[in-house]
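Any read-out appearing in this document is the output of simple, stated calculations on the displayed coordinates, not a laboratory observation. Keep in mind that what you see is a predicted model, and the values were worked out from it rather than measured. Every residue, glycine as well, gets a Cβ built from its backbone with ideal geometry; the counts of neighbours run over all protein chains shown.
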Amino acid sequence: MQVGRRNVLRWSGIALLGAPLAALPACSGGYDDSPDPLSAMATAARSDAAAARAIGGKVARQIAELRTAQARALQQEVDRANRPAAPAAKPSPAKNMRALGKRLTSAAESAVELIPQASRARAGLLASVAAGCNAGLALDGKLGSPRTQRFPAPEVEELDEETVDALQQALAAEHASLWVLGLVTAFLPAGYDKGLRAAAAEHRERRDATRDALTSAGADPVLAETAYATPKPVKNPNSARAAVIAAETDAVTAWRGVVERCDEPELRSLAVAAMCASGARLTRWRLEAGVKPAALPLPGAPE
């Protein structure tokens, strides 16, 4: 598979996001009348939004907007499935930013727990919710810290063509991200060096894990291009930040494509970890660039 340099950044035109949410659960032969856990998640998201509005302040308002958007997306899927509501747990008090951050962490964990057995379409939504919560945590240290991610290489022996293609897209996005991170170093102040090194180490780990997974499945991993297209020529700090935002956005989109195009739990775990990590890094870069919203509610979701 050959991936052209202009096909790696800005994935908006590719159809890799899998089946629509209207698809029935993969394991179902018809209507599923079990309680829908997403109903409890939607209720929790609305509760978190209300708590954030009560706390007040610029960051809390952003969290309220983020959780409101997530609640809307979750409720749409709940309404589509038309299953009985699952009982919602009583949320812990959220009278300050740290307590609000704990709610975000809990919401991310709840989403991740459901992903291994979810249908492909639901898994993609849940992965974006988890990544969005991690993105919200990166808004302010008072909320706590985004969850640290690890990217062990999944041990897989056989993958179908659709999954291999999704992994190749993710690998190509990782190659592009590393190239962009190297490019922008010359245009950003020294204060960015630590963050750039950390981001590069993270992307290298993801690249290597993806490459190993493809190799173990008997596929030839796509190679890095010599150069990649950026939204605008990188000539100054502003265009450098824009290039990193574009690369990170493309990476999280490609990884959601993996979630929605595979059923292997270990591959899904790798993809979700990548999405959560990119979600948090996107927040930091968008804050630096003054892009709003700084934290995306559903990283990787189609716009």
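Before moving on, here are some points about what is shown:
- Choice from R241, R197, R122 showing the highest fluctuation, given a GNM over the chain with Cα pairs closer than 10 Å: R197
- Placing +1 on the Cβ of every Lys and Arg and -1 on the Cβ of every Asp and Glu, with no other charges, gives the chain a dipole of roughly 1980 debye about its Cα centre.
- Spin-label model, E113 to D79: label points 7 Å out along the Cα-to-beta-carbon direction sit 2.7 nm apart.
- Simple label model, 7 Å out from Cα along Cβ direction - E288 to K235, nm: 2.1
- Amide H contacts of A85 (H built 1.01 Å from N, under 5 Å, at least 5 apart or other chain): D36
- Computed from the C-beta positions of A99 and R72 and an R0 of 35 Å, the FRET efficiency is 0.90 to the nearest 0.05.
- Short-range pairs are left out: with C-alpha atoms under 8 Å and at least six residues apart, the relative contact order of the range 37-143 is 30 percent.
- Estimated [θ] at 222 nm from DSSP helical runs (n ≥ 4, -39500 (n - 2.57)) normalised by residues in the chain, nearest 500: -20000 deg cm²/dmol
- Stretch gain in nm, segment T226-D32, where the contour uses 0.36 nm per residue and the Cα spacing is subtracted: 64.9 nm
- For the chain, the spread of Cα positions along each principal axis, largest first, Å: 53, 48, 30
- Within the same chain, aspartates and glutamates fewer than 8 places from K95 are excluded, and of the rest, those with a Cα less than 12 Å from its Cα are D48.
- Relative contact order computed over the chain (Cα-Cα under 8 Å; 6+ residues apart), in percent: 27
- With the charge dipole of the range 77-201 set up from +1 on Lys and Arg Cβ and -1 on Asp and Glu Cβ about the Cα centre, the Cα lying farthest toward the positive end among the listed residues A81, A99, L188 is that of A99.
- For the pair A186 and E155, the difference between a 0.36 nm per residue extended length and the Cα-Cα distance amounts to 7.4 nm.
- Peptides ranked, highest mean first, by Cβ atoms within 10 Å: ranges 181-193, 204-216: 204-216, 181-193
- Out-of-range pairs (alpha-carbon distance over 26 Å; input K142/K235; K102/K292; K58/K232; K90/K292): K142/K235; K58/K232; K90/K292
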